[in-house]
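The values are calculated or read from the model by the stated rules, or taken from the named source; none is laboratory data. Note that the coordinates shown come from a computational prediction; the quantities given were computed from them, not determined experimentally. Positions of Cβ are generated from backbone atoms using ideal geometry, with glycine treated the same way; all protein chains shown enter the neighbour counts. Quick note on the areas: whole protein, heavy atoms, side chains included, nothing else; ligands and nucleic acids left out. Shrake-Rupley method; radii C 1.70, N 1.55, O 1.52, S 1.80 Å.
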Amino acid sequence: GEVGGAQVNDAPVPHAAGTYVPPALEAAPTAHAEGQANGAAALAAASRALPSLVWNGAPAKELPDAGGVPGEVSPTSPVRVGREPVPIADSHVRLLRSRTALIPGPPELDEPEAPEGQKLRVFNYVIVFPMPSSTTAEEEESFRKQHCVNGTTHRDLIMLLIEHAGVKERLEAELHICSVNSLRSMRAAAIEMFQSLFESLFASYEDENARKAKIFTFASEDGDELFMCVSPGDVVSEALADIGEYRLQLDQQSLEKLGIRLTGKHVVPAYVKYDRFQKIRGLLRTHERPEAPGQFSVLRKVDRVRLLYDEITDYLNLAGFERLGLVRHSYPVHDTVVIRRLLESWGNWHHVASLSQPIEEVRDYFGEKIAFYFLFIEALGRAELVLLLALAIPAVLAKAVLSGGDFEEVPQVVYSCLLIMWFMFFAKWWRRVQAVYCNRWGMEFINSDEIKEPVNPRFKGKLSPSPLDENKLELQPDKRKRFFGAIVSTVVQGAFMALIVTAVSLNQYYAAVSDARGDTMAFQIAAVMLTVQIKIFDFLWTKVATFLTDLEQRVTLLAYDQSMARKIFLMKFVNTFYSFFYVAFFQKVLDPKSCEQAGGCEALLRNNLFIVYLTYITFGLMDMVTPVATFKVRVWLEAREMRKRGVEPTKLSLLEEQAKMNTYTGDECTNDYLQIALPMYFFVLFSMVSPAFSVGLAAIAVATQLRADAWKLLVAYRRAFPDMSDGIGVWNDVIAFLEFLSIVVNVLLMLTQLDFVKLLTLAPSLQAEARERPVIVKSLSFFVLVSTFMFCRTILNLLVPDEPSRLKLGKARQELQRTRLFEQQTAEDKAQVVLRAIGTDQSCRVAEEARPLLAGDPMFEEPMV
């Protein structure tokens, strides 16, 4: 039924404001069904943990029990979850609110009213716990064998999860009394710890006249999980922002209050550490609440999520709770109002022909890390359209016009040279765009901010005294193990690359030998084998890379993801491109007859490129289907298990539905970047063989990937944690590597795939030299061309800085704004200064009364020289 609304068990029930009477309690006690009586008993249990709940004006503990007589509830009394009774045990069940029998009345929230016909959902974060009562004997035994080793007890494990020293000391005495001696009791303790953390935290900052923080708990449909939904509210969030020195942006219209006048559309107000003084003076930029149009706040929802996560991890090791299985999931809550708006303007396939996107709204919803990814896709797509229209298509037309003549291949040479310069300019342009948005989004100070980055849940460090406070023990990376991990990682990566090269070489050798024996299907079979090899090596390397990154002991999730991305890309590059390099540069020399079936090695390259682009477009579309299918399968499996127990499943709420969705982790982000980076590598390196075709398919791949990724983030995944980022991270190194590689590969393609002697028609003497000594002439040409392009790249970097001049001016303006703000904030602490300037002899008595400082005066001091 509806929570706090007008419908329960499909029957409309009116209630007065602040009160609610379930239909089971309106009926005569003798007519109560067993499930309704158990629901009343559960209400009594819940009231003891949540005494603020009032039902029809009376405390819930006064409700009748199963027999219609007030009394206490047994710890093992069943409560209805869905339509199946499950036993209640331990104190944790006092937090449980069932879908049908345990229904709270309308909460007293100081929230804006929802528009007519809509429901208001303002929760920011959800933590999902396994129900202690669902713990099995097999789980207990497995947990004990895995974690309770070397004398470590369940109580010790709980204490290690407490980060705050003062809170840990206060809890020591309680844990001596409480019986935390099993996985079940640890799960119950975990629920109590988070509940008490939020209650005490919110009570510390709440104001009666302000928006109240909220905690809402309910059981999963099958009764094996507890959902704790949290919203800190404005007062608590702003207090946390003040304590954490969280940076918020000044409002452009308020700069006049700082004595600063700036006009123009490129003004970016400064980001400053939050202080309540700024809000009182109206100096901060405000954001409209998605759930309440027309109402504004200085904090966005992503800000509240970050601040809440930072505060949770100040006290409790959330990653440790997840690692021990005491917390199953934790995630920000999707906002249906924003989702619908973004689905219409961003994640809609009607916009596939356009690269425009509401990037500011994407940033406000998903955070800067994901926003930079989509910003990069947009920048690359626009640059590809310029390349297609200005270079690729004219090159194809020019080649068609010159076909059959001595200059037939000149358009390809011109295209390759301009392609190299195009990518240099694109890389420079992207770095400038990235710098502008890094400043616009206030990401220049993320390394100095007090807000913590999410911790790597796979990190298993050594419990050692903190370098900042040796009284505190914290998990830290072992220096020796980290050094050992770096060495092992480097060696294994080299060995694995050698294995890939060997396997692909053997594949090509098999094809050549079989073709020489007259096997007409040799190269088709080799192509299938190569595809299978690539998939096998990709799968194996994902497992190996995870193991190697764990050895490196990366503390933060960002560092772990960046290290994984670097390894995955490096191996993907070798695994994917080695066969292309072999066909382009070695097959024509080692086995010149093998390309004849495809019409030459250049034609074979063209065919391979066509297959590759279609594959990437297909996989981009499959990325939409896979997470949705996984989610549907999870829901179906859970429903099937419930039906086996004779329980008919009900419709899931959005809050519970998200727990069944996939998490958008660093691995998914890396795969999305690869879906963009690898096609970019293909057309930058090999599009000379088919310019318009390669660039056109690459542009289609980018456009489809943009809409596919937008749709799946909005619909198929849980809401991603809004990570901060100052750019695309390790993928900037991927672009820089391609800058150098594009020069080398395109020059080699011009020298190996084209008729080099024919290209020298306008230089007869050099042409004759190339006929006599082709290796020497080509080697010298390679050195000259590569050196020329590298020189051009150096000159470009010297003449065009990575930061535009207007950005440097903007930073100077922002520094002035921070200075003026600091002066105003500290003005109350300064003395009251009064200046006088009348300008007459009478008013300036000090000048009239002044006398020379002579020897004998008490203030006179003998000179040193």
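Can you name every residue in segment 386-417 that is in contact with a helix residue (DSSP H, G or I) (Cβ under 6 Å, 6 or more places away or on another chain), farther than 22 Å from PHE376 by Cα and either without any contact (Cβ under 8 Å) to a residue 60 or more places away in the chain or small (Gly, Ala, Ser) (or both)?
Residues satisfying the conditions are ALA395, ALA398, LYS399, PRO411, SER416.
Taking the conditions exactly as written (part of a helix (DSSP H, G or I), under 24 Å from ILE446 (Cβ atoms) and open to solvent by 10 Å² or more (accessible area, probe 1.4 Å)), does GLU657 satisfy them or not?
For GLU657, the condition - part of a helix (DSSP H, G or I), under 24 Å from ILE446 (Cβ atoms) and open to solvent by 10 Å² or more (accessible area, probe 1.4 Å) - is not met.
Which condition from (1) at pLDDT 85 or above; (2) open to solvent by less than 60 Å² (accessible area, probe 1.4 Å) is the one that GLU163 breaks?
Only one criterion in (1) at pLDDT 85 or above; (2) open to solvent by less than 60 Å² (accessible area, probe 1.4 Å) is unmet by GLU163, namely (1).
Does any residue of segment 518-525 turn out to be modelled with pLDDT of 85 or more, part of a helix (DSSP H, G or I), at negative phi and open to solvent by 50 Å² or more (accessible area, probe 1.4 Å)?
no
Collect the residues in segment 784-800 that are within 43 Å of the chain's Cα centre (by Cα) and without any contact (Cβ under 8 Å) to a residue 60 or more places away in the chain, keeping them in residue-number order.
If the condition is that a residue be within 43 Å of the chain's Cα centre (by Cα) and without any contact (Cβ under 8 Å) to a residue 60 or more places away in the chain, then LEU785, VAL786, SER787, THR788, MET790, PHE791, THR794, ILE795, LEU798, LEU799 are the ones that fit.
Out of all the residues in segment 691-709, is one or more part of a loop (DSSP other than H, G, I, E, B) and open to solvent by less than 40 Å² (accessible area, probe 1.4 Å)?
No, every residue in segment 691-709 fails to be part of a loop (DSSP other than H, G, I, E, B) and open to solvent by less than 40 Å² (accessible area, probe 1.4 Å).
Of everything in segment 308-360 that's free of Cβ contacts under 8 Å to residues at least 40 places away in the same chain and acidic (Asp, Glu), which residue is least open to solvent (accessible area, probe 1.4 Å)?
Here the answer is GLU360.
What are the pairs with Cβ atoms under 7 angstrom where one residue, in segment 637-650, is of a type outside the set (S, T, N, Q) and the other, located anywhere, is open to solvent by less than 80 Å² (accessible area, probe 1.4 Å) and outside any loop (DSSP other than H, G, I, E, B)? Sequence gap at least six, or different chains.
These pairs meet every condition: ARG645/GLU84; VAL647/GLU84; PRO649/ALA639; PRO649/MET642.
Collect the residues in segment 616-633 that are more than 10 Å from ALA701 (Cα to Cα) and hydroxyl-bearing (Ser, Thr, Tyr), keeping them in residue-number order.
If the condition is that a residue be more than 10 Å from ALA701 (Cα to Cα) and hydroxyl-bearing (Ser, Thr, Tyr), then THR626, THR630 are the ones that fit.
Please verify whether segment 193-209 includes one or more residues that are surrounded by fewer than 16 Cβ atoms within 10 Å (Cβ to Cβ), among the charged types (D, E, K, R), within 29 Å of the chain's Cα centre (by Cα) and modelled with pLDDT under 90.
The answer is yes; a qualifying residue exists.
Could you please tell me which pairs satisfy a Cβ distance under 7 Å, a separation of 6+ or placement on different chains, a first residue in segment 617-635 that is in a helix (DSSP H, G or I), and a second residue that is aromatic (Phe, Trp, Tyr) and surrounded by 13 or more Cβ atoms within 10 Å (Cβ to Cβ)?
MET624/TRP711; PRO627/TYR717
Would you tally the residues in segment 256-276 being open to solvent by 40 Å² or more (accessible area, probe 1.4 Å) and assigned to a helix (DSSP H, G or I)?
Of the residues in that region, 3 qualify.
Per-residue answers, yes or no, for (1) among the charged types (D, E, K, R); (2) more than 24 Å from LEU557 (Cβ to Cβ); (3) surrounded by 22 or more Cβ atoms within 10 Å (Cβ to Cβ):
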residue: ASP234; (1), (2), (3): yes, yes, no
residue: SER254; (1), (2), (3): no, yes, no
residue: ARG281; (1), (2), (3): yes, yes, no
residue: ARG285; (1), (2), (3): yes, yes, no
residue: ARG306; (1), (2), (3): yes, no, yes
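Which number in (1) of a type in the set (A, V, I, L, M); (2) more than 21 Å from the chain's Cα centre (by Cα); (3) open to solvent by 20 Å² or more (accessible area, probe 1.4 Å) marks the one condition that MET724 misses?
(2)
Specify which of the listed residues (ALA213, ALA239, ALA270) is more than 23 Å from PHE721 (Cβ to Cβ) and of a type in the set (A, V, I, L, M, F, W, C).
After ruling out the rest, the residue left standing is ALA270.
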